[in-house]
1. Conditions first: (1) of a type in the set (A, V, I, L, M, F, W, C); (2) surrounded by 21 or more Cβ atoms within 10 Å (Cβ to Cβ); (3) within 12 Å of the ligand (Cβ to nearest atom). Residue 190 passes all but one, so which condition is the exception?
2. Assuming residue 167 fulfils every condition listed in (1) assigned to a loop (DSSP other than H, G, I, E, B); (2) free of Cβ contacts under 8 Å to residues at least 40 places away in the same chain; (3) within 24 Å of residue 140 (Cβ to Cβ) apart from one, which condition is it?
3. Looking only at region 135-147, count every residue that is in contact (Cβ under 8 Å) with a residue 60 or more places away in the chain and part of a strand (DSSP E or B) and tell me the total.
4. So how many residues does region 119-134 have that are closer than 14 Å to residue 101 by Cβ and in a strand (DSSP E or B)?
5. Only one of (1) in contact (Cβ under 8 Å) with a residue 40 or more places away in the chain; (2) touching a Lys or Arg at 6+ places or on another chain (Cβ under 7 Å) fails for residue 222. Which number is that?
6. Output the number of residues of region 76-106 satisfying the condition of being in contact with a Lys or Arg (Cβ under 8 Å, 6 or more places away or on another chain), assigned to a helix (DSSP H, G or I) and within 16 Å of the ligand (Cβ to nearest atom).
7. Please determine, by comparing only the residues of region 203-240 that are crowded, with 19+ Cβ neighbours inside 10 Å, of a type in the set (Gly, Ala, Ser) and modelled with pLDDT of 95 or more, which one is nearest to the ligand (Cβ to nearest atom).
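The values are calculated or read from the model by the stated rules, or taken from the named source; none is laboratory data. Computed from a prediction, not measured in an experiment: that's the story for all the values here. So basically every Cβ, Gly included, is an ideal-geometry build from the backbone, and we count neighbours across all protein chains shown.
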Amino acid sequence: MAVVTCVNEGRALLARLFGEARNAVVLTGAGVSTESGIPDYRSPGGIWARFTPIEFADFVRSEASRLEDWRRRFVMKRDFDRAEPNVTHRALARLTRTGAIALLITQNIDGLHGRAGTAPERLLEIHGNGTHGSCLGCGLRAELVDLEAEIADTGIAPHCRACGGLVKAAVVSFGQAMPADALARCERAVQSCDLFVAIGSSLQVYPAAGLPLLARAAGAELVIVNGEPTGLDSRADHVLRGSVGEFFAGLD
Ligand code: NAD
């Protein structure tokens, strides 16, 4: 495992690896969006410093938890609305368009990869998307702006206008199962990739954190780009340690 801290060396390495790859898979985490002004979870001042997570079971069971969850979602939505895709989002979108990246898997719920121009068929938001809501019963989409107005009006957490089910932000909450089809699609892509690049993730949240080792076991080259060490660095072929945006500058 080689640790690269020199920005020019890291950029050249990424350009070469993405240039040579026939079937790359990328996994991104919150560290890709901090340079757009969206805090990550674990860094000082991160989201966990502000909020302890609301478990899925609590959301389902308790009206008070639902109202608190919505209050937080609307705070986050304002962060998401203010943010613009940064150089890394743009570079990854370009690499999906050229075909270098077969699948971009993200743990992020901010919608910035889509806004940067990553085509929906190349993008898998495995923890969902926090920029809208959906019904837990029938999946009907609901817009946060309407849900916020409804809660302000009624003081009650919203129910689906089609089936009456509970509406929740369209994210995978703690304690909520990840959709099996999304997970299966991830695993298929990872098992056939020749390059796997994890970017801006502490690689502590499963099942996403298991994907780098799955890729390695399938024979892919493994690259980890992050500002601090991760528990999988010793298993990687290359570790790029430093600002994500600096390494991806020029690749957009
Ligand atoms: P994480 O907070 O655990 O890890 C982020 C990592 O990125 C940290 O190791 C941090 O040191 C590093 N980092 C932060 N900014 C960086 C930068 N500019 N350059 C290089 N490294 C940088 O986040 P995670 O691994 O994505 O997993 C936690 C969960 O957080 C995920 O489930 C995700 O859904 C959720 N989350 C999402 C958002 C978002 O949508 N933007 C924000 C916060 C948390």
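1. (3)
2. Of everything listed in (1) assigned to a loop (DSSP other than H, G, I, E, B); (2) free of Cβ contacts under 8 Å to residues at least 40 places away in the same chain; (3) within 24 Å of residue 140 (Cβ to Cβ), residue 167 misses just condition (1).
3. Here the count works out to 0.
4. 2
5. Evaluating residue 222 over (1) in contact (Cβ under 8 Å) with a residue 40 or more places away in the chain; (2) touching a Lys or Arg at 6+ places or on another chain (Cβ under 7 Å) leaves (1) as the failure.
6. Selection size over region 76-106: 1.
7. Going through the qualifying residues, I end up with 236.
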